[in-house]
Amino acid sequence: MRPRPGEVLHFSHDPDIPVFVPHVAPTSRESRPYVWPVDGSRSPDYWFPRACPRAMAWLVPGTTEEDRLRILGPGGGTRVHAIEHGWLAALVSTRLFAYRLPAAPFRPIGEPVPNAMVATEPVTPLGPAEPVDDLLTLHREAGIQLRVLDNLWEFWDAVVDSTLGFSGIRLRNARPRPPTRSV
C-alpha cells in the first residue's frame, strides 16, 4: 500500500476518520500540533500494528558492502524490518486501514535532514479508508525482509552503528535490553 502521485498516506486502526486535525502526538519531540502522513518511501514503516516496536534498516548511497552483508545478509535485498516474536500474532491479525490524503498541504520537517511530513491545518481524506490486507504479504511483495527476533536491541545497536539508513518506531514497547555478558 503506497500513495499515488499527489498523495500521502495515513495508516490507522480506525476506519472512520472524517478529518485529520492537527494535534501534538504524545511521542513527538515537536510541541506544535501537526497532521502526520507518510510518503511512498516511508509507507512500509507503518505496515505494523500501531504499538508494535520495530527496527528498520535500508541501503543508502553511503552504505558499505561490509555493513550490507552484516545487516542485510547475502541475497538480503535492500531493506529489512525486525519485530519481536511476541508481536507476530498481532502482525498477522491486525486490521489496518490507509487514508489517502492530498499531498499539497504537507511540508517536510526534521533537522538536519527532513524525515517526516506535516500539515498545520485540518486535512480531509480523498476518500474512505482502504483496508490494508495481509501485512506479511505486503512486506514480501515489496522485497522487504521481515525478521522475527526474541529481542530487538542487539539488532538495533548493530543498525545504528552501521552505514545503513534506519528508523526505530515504538522501541519503548520492546522487551527490555538483555543484561550485558561478561567475557
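The values are calculated or read from the model by the stated rules, or taken from the named source; none is laboratory data. This structure is a prediction, so every number in the text was calculated from the model and none was measured. All Cβ positions, even for glycine, are placed from backbone atoms using ideal geometry, and neighbour counts span all protein chains on display.
Structure summary
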| quantity | calculated |
| --- | --- |
| Condition check for Leu72: out of contact with any Phe, Trp or Tyr (no Cβ under 6 Å at 6 or more places or on another chain), surrounded by 16 or more Cβ atoms within 10 Å (Cβ to Cβ) and among the hydrophobic types (A, V, I, L, M, F, W, C) | yes |
| Matching residues in the stretch 106-127 - criterion: being free of Cβ contacts under 8 Å to residues at least 60 places away in the same chain, within 21 Å of Pro5 (Cβ to Cβ) and either in a loop (DSSP other than H, G, I, E, B) or touching a helix residue (DSSP H, G or I) at 6+ places or on another chain (Cβ under 8 Å) (or both) | Pro114, Gly127 |
| Members of the stretch 45-100 found to be in contact with a helix residue (DSSP H, G or I) (Cβ under 9 Å, 6 or more places away or on another chain), under 17 Å from Val132 (Cβ atoms) and of a type in the set (Lys, Arg), listed by number | Arg54 |
| Selection within the stretch 166-183 - out of contact with any helix residue (DSSP H, G or I) (no Cβ under 9 Å at 6 or more places or on another chain) and either surrounded by 14 or more Cβ atoms within 10 Å (Cβ to Cβ) or among the β-branched types (Val, Ile, Thr) (or both) | Arg170, Thr180, Val183 |
| Given (1) at pLDDT 95 or above; (2) out of contact with any Ser or Thr (no Cβ under 8 Å at 6 or more places or on another chain), number of the condition Phe97 does not satisfy | (2) |
| Val80 being farther than 24 Å from Val35 by Cα, among the aliphatic types (A, V, I, L, M), outside any loop (DSSP other than H, G, I, E, B) and under 19 Å from the mean Cα position of the chain (by Cα) | yes |
| Verdict on Arg140 being more than 28 Å from Val21 (Cα to Cα), in a helix (DSSP H, G or I), without any contact (Cβ under 8 Å) to a residue 40 or more places away in the chain and among the charged types (D, E, K, R) | yes |
| Selection within the stretch 29-39 - in contact with a strand residue (DSSP E or B) (Cβ under 8 Å, 6 or more places away or on another chain) and either within 14 Å of Ile144 (Cα to Cα) or in a loop (DSSP other than H, G, I, E, B) (or both) | Glu30, Pro33, Trp36, Pro37, Asp39 |
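Here is a yes/no grid of residues against (1) within 26 Å of Ala82 (Cα to Cα); (2) surrounded by 14 or more Cβ atoms within 10 Å (Cβ to Cβ); (3) in contact with a His (Cβ under 7 Å, 6 or more places away or on another chain):
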residue: Phe20; (1), (2), (3): no, yes, yes
residue: Val24; (1), (2), (3): no, no, no
residue: Arg29; (1), (2), (3): yes, no, no
residue: Tyr34; (1), (2), (3): no, yes, no
residue: Ser43; (1), (2), (3): yes, yes, no
residue: Phe48; (1), (2), (3): yes, yes, no
residue: Cys52; (1), (2), (3): yes, yes, no
residue: Met56; (1), (2), (3): yes, yes, yes
residue: Leu59; (1), (2), (3): yes, yes, no
